[in-house]
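The values are calculated or read from the model by the stated rules, or taken from the named source; none is laboratory data. The structure displayed is predicted, hence computed values, not measured ones. Every residue, glycine among them, receives a Cβ derived from its backbone with ideal geometry; neighbour counts consider all protein chains shown.
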Amino acid sequence: MENETKTYTPADYKNGQSVRWCPGCGDHAILNTLHKAMATLGVPPHRTAVISGIGCSSRLPYYMATYGFHTIHGRAAAIATGFKIANPEMTVWQISGDGDGLAIGGNHFIHAVRRNIDINIVLFNNKIYGLTKGQYSPTSPRGFVSKSSPYGTVEDPFIPAELVFGARGNFFARSIDVELATSQEVLTAAARHKGTSVTEILQNCVIFNNGIHNAVTDREFRADRTIHLRHGEKMLFGANNDRGLVQDGFLLKAVTIGQDGYTIDDVLVHDAHTPSNFLHQQLAMMDGTDLPLAVGVIRDVEAPTYNDTLDEQVREVRARKGFDTLRSMVLAGNTWEVK
Amino acid sequence: MSEEHQVKTLDKVVVRFSGDSGDGMQLAGNIFTNVSAALGCQVSTFPDYPAEIRAPQGSLSGVSGFQVSVGMNVHTPGDSCDVLVAMNPAALKQNIRFLKPGGIVIVDIDAFKPTDLRKALFETDDALAELGIDEKYVLQVPITQLTRNALAETGLDNKSMLKCRNIFALGLVCWLFDRPLEEAVAHLGSKFARKPAIFEANKLVLQAGFDYGHNVHASVPTYRIESMEARPGIYTDINGNTATAWGLIMAAEKSGLPLFLGSYPITPATDILHELAKRKDLGVKAVQMEDEIAGVCSAIGASFAGNLAVTSTSGPGLALKSEGIGLAVMAELPLVVIDVQRGGPSTGLPTKTEQTDLMQALYGRNGESPLAVVAPATPTDCFDMAFEACRIAVEHMTPVILLSDAFIGNGASAWRVPEASEYPEIKPRRVPEELKASGEWQPYCRDAESLVRYWAVPGTEGLGHRVGGLEKDCNTGAISTDPVNHEKMVHTRREKIARIARDIPELEVLCDKDADTLLIGWGGTYGHLYAAASELCAKGVSTAFAHFRYINPLPANTLDVLRRYKRVIVAELNTGMFADWLQCRVPDIFIHRINKVQGQPFLVGELVKAVEKIVAE
């Protein structure tokens, strides 16, 4: 029998398969932080399932020592939903890219979030189709030039967080592939959240979309263009941690403490647990231009999960009706006897 | 009507209730069916309803019908009816062609005013003359007025009163066929359990209809229907979709696996979702997903997780599920896919029956992706074949498609409630302990005899593994693009399905086994074909009859049976799909074909004629 008090190391979640992603791909870092997050959580590998769709990131289950299912394009959320309902004791991770999760699988994505099934969706967002060699994705910016948009796209992208809030999601976090500690922190929090968690990781495709996130992730100015949100802490950022977010009417504003009359007291404190998603959405929509791009856990609110509520309903109905077999149920209905 | 009152004794009788789709014809028909079944009659029903929920009132497109045959040796709902109830001119116009010569028509004469006649596109004010119906066969009853009279003192509003017209007609039909009213009252009681005033009103109207029949009986021949000597036991009335749902539950009991349904509403399969949603009281998890693809995919996830996993749909939904089913073929996971076939292609005829999804079931996936296909023969056989689909899926680690259809899915029969002990245990193919202990287990290790891979259920320590849609190495289960390995896996998957033939019953031959002519059918046409073969034999045209419920693989003795006959005829509700499926196995035998693609079941009479014509050639 398993030893529930056993502690695990990242190595317990790795298997011996050689990893086939391109050298320099952001997926390597995410894989390592996922192994670490799993060890931190301490859920045994055999109690963990990793389910993916199709795409570069969806190869991830092959590099895990857990139960894994590399399924079909776009459908990982639906498969993970059925899996979790059928076997609620398992911790379920879903690995999807921006194409897999938001284009072909967009419908399953929003419905999984709406149902609040207890799965952890990790969305690798590199704003490109890598495995099919470089077409624009639903997160590529307007005007993006790719093999399938040689003159630039003529459509606007999804912002993943906005979809999550539109689908009334209760957990949204973000990280950047190269920020290992942040990724580990948000993945751990995502797994501890009961209900659907969506963690967007900005990931660099070194071959087809190299540097797509550089405007915010470049070391030179990352501190000024990103903010790490932590529940209960002031919303501060900047190389010297002297910049902060303040309320400006219904909107947010980035200020420098000590300038224009702003003091530390004006800076907002992050509340990830407040049920209203109004401020969460504003925080999640910051893109690193006027306001810093937010990483960390932006929203983490408890709500009834689909799987728990379903199990509860089954228990309640069974106790009330008291049928133990099909026959007992049928005999309780309209029948007649032939002697 | 004839001058003298007679009581006829018939071994079976067919009644067709017809009216506007809002007139409650399905309810009246259902209650008459249940009442007859409770009296020990065999029953077979055919709800024939429009796709529109409420078409314009009184219009030809809005006519809803419910045909039921009750009595002895009932195999079909009947080609034509002895009694036709028509609640309005449109119903009469649409349904008169189903009346037997000499059959009786009951009409609500209050609904035959000139404005009603115009809605049904009659050109004159005399509907009977226009349709060439002899008045002596027509019982013209002021149903609307008599219903109002019966309810005069209840205080109900006019609209609520009019909703009871169907039950007046039911009361009249009950009198006509000598059905005591207690059973019908009981059914009304459960139907209107939460509306006592409506129940009381319907009860009054039921009695009024019955009494009306009694009072005017001098002018109508009444019938008594013989009852059957049925196998002792407890019976209930069941339609094919409910039987399918219950067969799945029986399989869950016999396998010890929790039952999961991932589905999406689609006519005419939705009742399976409805029934299983109710069966949370037996621990069933029925999940209405966001689309057809999510339906099958959630089931695949549940299967990987260790449940008995099912998805239910009709033809268009099966098309959407194709890629998912291919994943289950590749991952070699048990999965039951129920297709309640309807008229196609595309949206086609959503409420009508056909057998046109056979090729889609057999071949409708990318790549070489064989799977098992079975098809229930009757409404009650849906129970047995749903059980069989689960047994094959779980014991052979494969998707199985169950090809039901609108005719048997909606059609009802009396069904003896079985004991669980009448069904075999279903044994999930777990990783054998010794294989696990040896450390040599791999995800695609197979049982040498059946070629079945073992089911390592997530949560089990030591059996962590990865599967997926990519081709796998035949030994290690790791991703492999090796050309020779791929070909080997293609052949292994095919052979695994072929070996299911060792595990299913042989094909039986019914009627005159020694005849020269073999009539063949499959799936939901059993009743009509059996009745036709029996009638042919009775007429001196010796006919053997073989009916397929296992489509892929075919029963092991199939070719032996086919080769025994001089003349082989396949009758099916498509342009010849099953005939083709057989023909490619026996290129040397000429297969005659009887086909119908009208969205309607066969008629026994047309089958008899078609066989006679082939025999005479």
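Residue check: is residue A:189 under 23 Å from residue A:32 (Cα atoms), surrounded by fewer than 15 Cβ atoms within 10 Å (Cβ to Cβ) and not assigned by TED's automatic domain parsing to the domain that holds residue A:281?
Details: under 23 Å from residue A:32 (Cα atoms): yes; surrounded by fewer than 15 Cβ atoms within 10 Å (Cβ to Cβ): no; not assigned by TED's automatic domain parsing to the domain that holds residue A:281: yes.
No: the conditions fail for residue A:189.
Each residue in the stretch A:52-68 was checked for being out of contact with any Lys or Arg (no Cβ under 7 Å at 6 or more places or on another chain) and within 7 Å of another protein chain (Cβ to nearest Cβ), and 2 of them qualify. The condition of being part of a helix (DSSP H, G or I), more than 23 Å from residue B:497 (Cα to Cα), at the interface with chain A (Cβ under 10 Å from one of its Cβ atoms) and not acidic (Asp, Glu) holds for only one of B:324, B:301, B:295, B:317, that being B:295. Picking from residues in the stretch A:265-276 that are touching a Leu at 6+ places or on another chain (Cβ under 8 Å) and without any contact (Cβ under 8 Å) to a residue 40 or more places away in the chain, the one that is farthest from residue A:164 (Cα to Cα) is A:267.
Taking the stretch A:1-44 as the region of interest, how many residues are of a type in the set (S, T, N, Q), away from chain B (no Cβ under 14 Å) and either within 21 Å of the chain's Cα centre (by Cα) or closer than 20 Å to residue B:478 by Cα (or both)? Step through it out loud before you land on a result.
Restricting attention to the stretch A:1-44, the residues satisfying the condition of being of a type in the set (S, T, N, Q) are A:3, A:5, A:7, A:9, A:15, A:17-18, A:32-33, A:40.
In the following step, the residues that additionally are away from chain B (no Cβ under 14 Å) were identified as A:5, A:7, A:9, A:32-33, A:40.
Next, from what is left, pick out any that are either within 21 Å of the chain's Cα centre (by Cα) or closer than 20 Å to residue B:478 by Cα (or both): A:32-33, A:40.
Within the stretch A:1-44, residues that are of a type in the set (S, T, N, Q), away from chain B (no Cβ under 14 Å) and either within 21 Å of the chain's Cα centre (by Cα) or closer than 20 Å to residue B:478 by Cα (or both) number 3.
For the stretch B:37-60, a residue qualifies if it is at pLDDT 90 or above and either within 14 Å of chain A (Cβ to nearest Cβ) or not in a loop (DSSP other than H, G, I, E, B) (or both), and the qualifying residues are B:43, B:44, B:45, B:46, B:47, B:60.
Per-residue answers, yes or no, for (1) within 13 Å of residue B:17 (Cα to Cα); (2) touching a Gly at 6+ places or on another chain (Cβ under 8 Å); (3) part of a strand (DSSP E or B):
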{"residue": "B:73", "(1), (2), (3)": "no, no, no"}
{"residue": "B:78", "(1), (2), (3)": "no, no, no"}
{"residue": "B:83", "(1), (2), (3)": "yes, yes, yes"}
{"residue": "B:91", "(1), (2), (3)": "yes, yes, no"}
{"residue": "B:95", "(1), (2), (3)": "yes, yes, no"}
{"residue": "B:102", "(1), (2), (3)": "no, no, yes"}
{"residue": "B:105", "(1), (2), (3)": "yes, no, yes"}
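Considering the stretch B:244-288, the residues that are within 11 Å of chain A (Cβ to nearest Cβ) and within 23 Å of residue A:337 (Cα to Cα) include one that is surrounded by the fewest Cβ atoms within 10 Å (Cβ to Cβ), namely B:250.
If the condition is being of a type in the set (Ser, Thr, Tyr) and out of contact with any Ser or Thr (no Cβ under 9 Å at 6 or more places or on another chain), then the stretch B:370-409 contributes only B:398. Got at least one residue in the stretch B:394-401 being within 28 Å of residue A:329 (Cα to Cα), touching a residue at least 12 places away in the same chain (Cβ under 8 Å), part of a helix (DSSP H, G or I) and assigned by TED's automatic domain parsing to the domain that holds residue B:272? The answer is yes, given that some residue of the stretch B:394-401 is within 28 Å of residue A:329 (Cα to Cα), touching a residue at least 12 places away in the same chain (Cβ under 8 Å), part of a helix (DSSP H, G or I) and assigned by TED's automatic domain parsing to the domain that holds residue B:272.
Filtered by the rule that a residue be assigned to a loop (DSSP other than H, G, I, E, B) and of a type in the set (Gly, Ala, Ser), the stretch B:558-617 gives B:576, B:599.
Residues in the stretch B:90-105 that are within 21 Å of residue B:171 (Cα to Cα) and surrounded by 24 or more Cβ atoms within 10 Å (Cβ to Cβ): 2 in all. For the stretch A:210-232, the set of residues classified as of a type in the set (Asp, Glu) and either exposed (fewer than 12 other Cβ atoms within 10 Å of the Cβ) or touching a strand residue (DSSP E or B) at 6+ places or on another chain (Cβ under 6 Å) (or both) consists of A:218, A:220, listed by residue number. Annotation for the stretch A:305-312: at least one member residue is farther than 17 Å from residue A:244 by Cα, touching an Asp or Glu at 6+ places or on another chain (Cβ under 9 Å), in contact (Cβ under 8 Å) with a residue 12 or more places away in the chain and within 11 Å of another protein chain (Cβ to nearest Cβ). Scanning the stretch B:501-530 for residues that are buried (at least 21 other Cβ atoms within 10 Å of the Cβ) and touching an Asp or Glu at 6+ places or on another chain (Cβ under 9 Å) yields B:520, B:521, B:522, B:523, B:524, B:525, B:526, B:528.
Look at (1) surrounded by fewer than 16 Cβ atoms within 10 Å (Cβ to Cβ); (2) more than 14 Å from chain B (Cβ to nearest Cβ); (3) on the phi < 0 side of the Ramachandran plot; (4) among the polar types (S, T, N, Q) and you find that residue A:282 fails only one, number (1). Residues that are touching a Pro at 6+ places or on another chain (Cβ under 8 Å) and part of a helix (DSSP H, G or I) within the stretch B:251-282 comprise B:252, B:254, B:255, B:273, listed in sequence order. May I ask you to verify whether residue A:95 is closer than 20 Å to residue B:260 by Cβ, in contact with a strand residue (DSSP E or B) (Cβ under 9 Å, 6 or more places away or on another chain) and either at the interface with chain B (Cβ under 7 Å from one of its Cβ atoms) or not in a helix (DSSP H, G or I) (or both)? Criteria not met by residue A:95.
Please indicate, with yes or no, whether at least one residue in the stretch A:70-88 is within 25 Å of residue A:181 (Cβ to Cβ) and either modelled with pLDDT under 95 or facing chain B (nearest Cβ under 10 Å) (or both). First the steps, then the outcome.
Initial filter on the stretch A:70-88 (within 25 Å of residue A:181 (Cβ to Cβ)): none.
Taking every residue of the stretch A:70-88 in turn, none turns out to be within 25 Å of residue A:181 (Cβ to Cβ) and either modelled with pLDDT under 95 or facing chain B (nearest Cβ under 10 Å) (or both).
Picking from residues in the stretch B:450-508 that are among the basic types (Lys, Arg) and away from chain A (no Cβ under 12 Å), the one that is nearest to residue A:48 (Cα to Cα) is B:453. Taking the conditions (1) closer than 21 Å to residue B:163 by Cβ; (2) buried (at least 24 other Cβ atoms within 10 Å of the Cβ); (3) more than 14 Å from chain A (Cβ to nearest Cβ); (4) touching a strand residue (DSSP E or B) at 6+ places or on another chain (Cβ under 8 Å) in turn, residue B:33 satisfies each one other than (3).
Report whether or not residue B:176 is of a type outside the set (Asp, Glu), closer than 23 Å to residue B:20 by Cβ and assigned by TED's automatic domain parsing to the domain that holds residue B:26. For residue B:176, the condition - of a type outside the set (Asp, Glu), closer than 23 Å to residue B:20 by Cβ and assigned by TED's automatic domain parsing to the domain that holds residue B:26 - is met. Checked against (1) surrounded by 16 or more Cβ atoms within 10 Å (Cβ to Cβ); (2) free of Cβ contacts under 8 Å to residues at least 40 places away in the same chain; (3) within 14 Å of another protein chain (Cβ to nearest Cβ); (4) not β-branched (Val, Ile, Thr), residue B:183 meets all criteria but (2).
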